[in-house]
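K.L.:
Just dropping this structure here.
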Amino acid sequence: MIQIQDVILSDDILEANFCCDLPKCMGACCVEGDSGAPLTESEYEEIKGILPLIWGELSPAAQELIQKQGIAYVDTDGELVTSIIKGKECVFTCFEETGICKCVIDKAFREGRISVQKPVSCHLYPIRESTVNGLPALNYDRWSICSPAIRAANRNGVKLFQFLEEPLVRRFGKEWYDELCQVAAVWNKRKISDR
């Protein structure tokens, strides 16, 4: 474990190679899993606020479920998570003609139509955040559906923390991320010399 300021990280966040390969995985992380994406209370309120702006882009099944249960529910772990359709995809998913699954919220944000970003838990994936002794703790959630991302990153040498620069800066700030990069450079240089 490593600590950067007040954030604890598992070693593999610095060491692992990772680079999403959407044409191979098809965005399966938005469809597979036991529950929806974890939400903070503020994210829940923000998404409720922009719902009318993205409503027409949601699938009929998503619209029906949101009308019955809302945009989120509390899962078996006691976490507030996005609603999911029949135990599968998040209600905010959309499918491109190619079959790739993407996020309606993220699409609208990147097109400049809304100011709300997708939940930070989605943005950070495959890093999952928890709490250890009152501090944020980041772990790499290894999942077989992400094997194309590992193969792609092994070809181009992209580290997990590098691939996730945007969400890590969003969550912890640029100064924190710059410190992470400095620590990673020393860490990975030492790992190479220890071989």
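K.L.:
If we keep just the residues of segment 39-69 that are outside any helix (DSSP H, G or I) and more than 17 Å from LYS102 (Cα to Cα), which is nearest to the chain's Cα centre (by Cα)? Reasoning before the result, please.
P.N.:
Step one: of segment 39-69, the residues outside any helix (DSSP H, G or I) are 39-40, 58-59.
Restricting the remaining residues to those that are more than 17 Å from LYS102 (Cα to Cα) gives 39-40.
Details: LEU39: 11, THR40: 13 Å.
Of everything passing the filter in segment 39-69, LEU39 is nearest to the chain's Cα centre (by Cα).
K.L.:
Considering each of SER121, SER130 in turn, give the residue that is open to solvent by less than 60 Å² (accessible area, probe 1.4 Å), free of Cβ contacts under 8 Å to residues at least 12 places away in the same chain and of a type in the set (Gly, Ala, Ser). Lay out the reasoning, then the answer.
P.N.:
On the way: SER121 fails: free of Cβ contacts under 8 Å to residues at least 12 places away in the same chain.
Result: SER130 is the single residue among SER121, SER130 that is open to solvent by less than 60 Å² (accessible area, probe 1.4 Å), free of Cβ contacts under 8 Å to residues at least 12 places away in the same chain and of a type in the set (Gly, Ala, Ser).
Residues checked against (1) in contact with a helix residue (DSSP H, G or I) (Cβ under 7 Å, 6 or more places away or on another chain); (2) more than 30 Å from ARG151 (Cβ to Cβ):
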site: LEU22; (1), (2): no, no
site: CYS29; (1), (2): yes, no
site: GLY33; (1), (2): no, no
site: PRO38; (1), (2): yes, no
site: SER42; (1), (2): no, yes
site: GLY70; (1), (2): no, yes
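K.L.:
If you don't mind, there's one more thing I want to ask. Would you confirm whether any residue within segment 65-73 is open to solvent by less than 20 Å² (accessible area, probe 1.4 Å), of a type outside the set (A, V, I, L, M, F, W, C) and touching a strand residue (DSSP E or B) at 6+ places or on another chain (Cβ under 7 Å)?
P.N.:
no
K.L.:
Looking only at segment 75-109, count how many residues are of a type in the set (Phe, Trp, Tyr) and in a strand (DSSP E or B).
P.N.:
Result for segment 75-109: 1.
K.L.:
Which of the residues that make up segment 92-114 are touching a Phe, Trp or Tyr at 6+ places or on another chain (Cβ under 6 Å) and either within 16 Å of GLY33 (Cβ to Cβ) or open to solvent by 80 Å² or more (accessible area, probe 1.4 Å) (or both)? Don't jump to the end; show me each part of the working.
P.N.:
Filtering segment 92-114 for residues touching a Phe, Trp or Tyr at 6+ places or on another chain (Cβ under 6 Å) gives 101, 103-105.
Once the filter is applied, which keeps residues that are touching a Phe, Trp or Tyr at 6+ places or on another chain (Cβ under 6 Å) and either within 16 Å of GLY33 (Cβ to Cβ) or open to solvent by 80 Å² or more (accessible area, probe 1.4 Å) (or both), segment 92-114 yields CYS101, CYS103.
K.L.:
Specify which of the listed residues (ALA62, ALA16) is under 24 Å from ASP141 (Cβ atoms) and crowded, with 17+ Cβ neighbours inside 10 Å.
P.N.:
Working: ALA62 fails: under 24 Å from ASP141 (Cβ atoms).
Among ALA62, ALA16, only ALA16 is under 24 Å from ASP141 (Cβ atoms) and crowded, with 17+ Cβ neighbours inside 10 Å.
K.L.:
Moving on to the next point. Please go through segment 141-191 and pick out each residue that is closer than 18 Å to CYS25 by Cα, hydrophobic (A, V, I, L, M, F, W, C) and either assigned to a helix (DSSP H, G or I) or open to solvent by 40 Å² or more (accessible area, probe 1.4 Å) (or both). Give the derivation first.
P.N.:
Filtering segment 141-191 for residues closer than 18 Å to CYS25 by Cα gives 141-156, 158, 160, 163-164.
Cutting the leftovers down to hydrophobic (A, V, I, L, M, F, W, C) gives us 143, 145-146, 149-150, 152-153, 158, 160, 163-164.
Those that are closer than 18 Å to CYS25 by Cα, hydrophobic (A, V, I, L, M, F, W, C) and either assigned to a helix (DSSP H, G or I) or open to solvent by 40 Å² or more (accessible area, probe 1.4 Å) (or both): TRP143, ILE145, CYS146, ALA149, ILE150, ALA152, ALA153, LEU160, PHE163.
K.L.:
Are any of the residues in segment 117-136 farther than 26 Å from ILE47 by Cα, in a loop (DSSP other than H, G, I, E, B) and among the basic types (Lys, Arg)?
P.N.:
no
K.L.:
Here's a follow-up. Only one residue in GLU79, GLU89 is under 17 Å from CYS122 (Cα atoms), crowded, with 16+ Cβ neighbours inside 10 Å and modelled with pLDDT under 95, so which one is that?
P.N.:
GLU89
K.L.:
Let me ask something else about it. Could you say whether any residue in segment 39-47 is surrounded by fewer than 17 Cβ atoms within 10 Å (Cβ to Cβ), under 24 Å from ARG155 (Cβ atoms) and not polar (S, T, N, Q)?
P.N.:
So far as segment 39-47 goes, no, none of its residues is surrounded by fewer than 17 Cβ atoms within 10 Å (Cβ to Cβ), under 24 Å from ARG155 (Cβ atoms) and not polar (S, T, N, Q).
The values are calculated or read from the model by the stated rules, or taken from the named source; none is laboratory data. Predicted model, so just to flag it, every value in this text is computed and none were measured. All Cβ positions, even for glycine, are placed from backbone atoms using ideal geometry, and neighbour counts span all protein chains on display. Keep in mind that these areas ignore ligands, DNA and RNA; they rest on the heavy atoms of the full protein, side chains included. Shrake-Rupley method; radii C 1.70, N 1.55, O 1.52, S 1.80 Å.
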